[in-house]
Every structure is written in C-alpha cells, then in structure tokens.
Amino acid sequence: MDSQVLVALALSLVGGASTSIGALFVILNPAPNLKVLGLLQGFAAGLMLSISFLDLAHNAINSIGFLKGNLWFFAGVIFFAVVANFIPEPTLVPVSDVKSKKKSGDEGGKDIMKKHRRQVLYSGIVTAIGISLHNFPEGMAVFLGSMKGLRVGVNLALAISLHNIPEGVAVALPVYFATQSKWQAFKLATLSGFAEPLGVIIVAYLFPSSLNPEILEGLLGSVGGVMAFLTLHEMLPLAFDYAGQKQAVKAVFFGMAFMSASLYFLEISLPKEMSL
C-alpha cells in the first residue's frame, strides 16, 4: 500500500471516527441538546459548501474549462441524487418524546413499549445502513482529494468529520433507547463510520495511481457536486429543523468563513512540493 493510499486512509479514519464522537454525545447525555446539534450541522454545511463551490468546482473550471467543469460538477449532483433515492433518510428520535410516551401509558404500557422499542431499534439499524452508504462515497472523495494534494484531502476530511458527528447521534440515539445499552449504541454508530475508510481502500484499487490530470480534476469537480447535493438535500434541512432557520444560516456562513480561512492558512503554510 503506497503512501498516497495510507494518508487517504488515515484521513478517512479521522472522518469515520467522528460517528463515535456523535455516539458519545448520546450516551453521556441522555437528552442531547438538539439546537447545538443543529448549529453544528449548519457549521458543517458551510464547510461543505465552501469546499464544493470555492475549491473543488472552482479548480475544475479553471483547469479544464467552464463547460467541462460544469458537466463534471452536475454529473456528481445527478449521481448522488439517484443514489439518495435508495438510501433511507437518517432521522433523530428526541428522547423527550420517548419519555413522554412512557409516562402516558396504561396497564398495557409494557407491551406497547416493547413494540415501540423494536420499531425504534429497526429504525436505528436502517439509519446505520443508510449512513454507511453515505460514508462510502465520502471515503472515495477523501481519496480523490488526497490524490490532488494534502491540502484538499485535509480540508475534505475536516468537513466530513464535522458532518459525521450528527450522523453518529442519528444512529446511536434510537439504538440506545431501544436496547438501553451504551455499548450497543456506540458500537453500531462506530461501525457505520467504518464505511469511509472502506471506500478509500476499494477506490484505491479501482483507479490507476497515475490518473490523467484532466480526469482527476473532473472527478474532483464531481465530488464537489456530490458534496453540494448532500449539503443542500440533507444537512441544511436538519440544521433548520433543530436550530431554526436564522441561527442555522448564521452557522452556515460562519462555517464558510472558517473553511475559507483554513484554505488560506494551509495554502501559505504548506510547502508547494508537499503534495501526494
């Protein structure tokens, strides 16, 4: 395994491990603050949009031309739009709602709760599968970004890491409620994050080590399209739901500013020859 793959694998492991952070957020706090979660999701959305439009798509257009760059970008959008139709939407089950249902039961409440726990456990497992499917192309994105250079790979890994924390919550919360097991909740959330390094390993052996520069720029433009669609289709609606529209929009622009600053400081701090 060459250094290019190893660095991409390490970056994807950081991103995948963020689902474990989300799980810890659940098991250490029985009632997570959903507003904070929404602000975090909005911040991550800003990071993703900044990378998508101001870095990946921008560089693709500059490198291979306006028409080709846009074609590759929208190819990524269409690809992930099709994939999204087959992936269950990750949802959070607020613990406060569950507790209120516990208190309002009658004598047959135990049977109802058992049935409800089974339903919630099923939803948690389906969510874990869906998030694993989401994480797989994210691992591919980190690998392709790392082929372009360390700066692109690091920034993609940072944005994906922040995005994966709420995903870990989405998996761990229903599993924790259904099983009352902190270990089961943590384990399933962590396993869902392992799809990311798996994506790196598979794509590393599907693509030749010396890709045509034009094709590489086009693929990175497509990654920008995937990221943009994922952000607008899933992350922003969740941020609006949990943090409110005004607060979420502020978090988005703060995330964009943060990523733009990090892009700048990474660019001036890394030697030009330090690319993979």
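All of the numbers you see were taken from the coordinates with simple rules; none came from a lab. It should be emphasised that the depicted structure is a prediction, and the values quoted were computed from it without experimental measurement. Virtual Cβ from ideal backbone geometry, glycine too; neighbours counted across all protein chains shown.
When +1 charges are put on Lys and Arg Cβ atoms and -1 charges on Asp and Glu Cβ atoms, the dipole computed for region 184-261 relative to its Cα centre reaches about 300 debye. When peptides 52-58, 63-69, 42-48, 17-23 are ranked by their average number of other Cβ atoms within 10 Å per residue, the highest-first order is 42-48, 17-23, 52-58, 63-69.
Given their separation in residues at 0.36 nm each and the Cα-Cα distance between them, K68 and K250 gain 62.2 nm when the chain is fully extended.
Pairs spanning more than 25 Å between alpha-carbon atoms, out of K68/K148; K148/K187; K35/K250: K148/K187. Computed extension gain for L232 through V36, at 0.36 nm per residue and net of the alpha carbon distance, reaches 68.6 nm.
Would you mind pulling out the separation of the Cα centroids of region 46-65 and region 193-245, in Å? Using only Cα atoms to place each centre, the spacing works out to 12 Å.
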